[in-house]
1. Rg/Rh for the chain: what does it come to with C-alpha atoms and Rh from Kirkwood?
2. Keeping all protein chains in the complex and leaving out DNA, RNA and ligands, what accessible area do you get for residue 232 with a 1.4 Å probe, in Å² to the nearest 10?
3. Rounded, prolate or oblate: pick one for the stretch 71-173, where a ≥ b ≥ c are the square roots of the eigenvalues of its C-alpha gyration tensor, a/c under 1.5 means rounded, and failing that, prolate if a/b is larger than b/c, else oblate.
4. Under 5 Å between amide H atoms, partner at least 5 residues away or on a different chain: which partners does residue 95 have, H built in plane at 1.01 Å?
5. GNM, the chain, Cα, under 10 Å: largest mean-square fluctuation among 165, 140, 102?
6. Per DSSP H run of at least 4 residues, take -39500 (n - 2.57); add these up for the chain, divide by its residues and hand me the 222 nm value, nearest 500 deg cm²/dmol.
7. With contacts defined as alpha carbon pairs under 8 Å and 6 or more residues apart, what's the relative contact order of the chain in percent?
8. Which of these, 93, 55, 42, has the largest mean-square fluctuation under a Gaussian network model of the chain (Cα springs below 10 Å)?
Amino acid sequence: MKKWIAMLSFYILVACTNNEPAIVKTESPPDDSSREPELVEEVSGSEDDVEEFIEFPLHDEQIRINLEMVPILDAYLLAAKDRQKAIEGMKIERIQAENASIYLLEFSCQNERCSYLLFNRDAADQAFLLADLADAADMIPSPDQTKMLFLFDRKGSLPLPFTNIVIIDLEKWDHLTLVNETTDDAVLNFTWPLISVNWIDNESIAAEKPAVLEPTDEAIHEWYQANQSLTTSIILHVSENN
């Protein structure tokens, strides 16, 4: 099931292929916000032209995702043995942001690891694939509310999960790069456990990692048992992709 995701995850931007939106808010709120998401089919034009949507009831609104506009989600459902069960396993969350209508979709969960798509109702290219085989740990807006930090974990045999940070510019709707200004170590992409992550200002992030030379199983276990107070501080600078 996860092989197709591993290939498609190289393409961060999941763009719409025509002018139809990938995600819309329906005109009426849900009758029952506790019901499961469901597949909705609508005839468009001729009887042979059927559009498929996943409809999600939220507390005060109802959201639809157009499967044709999100190929990665459509491919996941085509590969699923039980399509309805796969849909019922999805969760969508509206993220509080001052100037953007954004939603985080969790899907394709196996062994506490999921894939995550970020949607923006107001953008032309409406979806980003943020993570695969991970668990969403936190979402932190920048001080000026123009960026969002997404923290993802991957739990394993170690007492601490390995971590990745994804930064999205909410105004430009773009994925931003993080540059390690403290060391030459590659600390992202689930290579290190990060103990804490916080914004310093709108362009910089402070992270703490265990004070070990390499994130080996032995080193992390020894640190966890004896030296949890010893950490290394790292400054990550937010940079636009070239």
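The values are calculated or read from the model by the stated rules, or taken from the named source; none is laboratory data. Computed from a prediction, not measured in an experiment: that's the story for all the values here. Using ideal geometry, Cβ is built from the backbone for each residue, glycine included, and neighbour counts are taken over all protein chains shown. The area values use the complete protein model at the heavy-atom level, side chains included, leaving out ligands, DNA and RNA. Shrake-Rupley method; radii C 1.70, N 1.55, O 1.52, S 1.80 Å.
1. Radius of gyration relative to Kirkwood radius: 1.01.
2. 40
3. Cα axes put the stretch 71-173 in the oblate bin.
4. Hits under the 5 Å cutoff: 102, 103, 104.
5. Looking only at 165, 140, 102, the biggest GNM fluctuation is shown by 140.
6. -3500 deg cm²/dmol
7. 13
8. Of the options given, 42 has the highest mean-square fluctuation.
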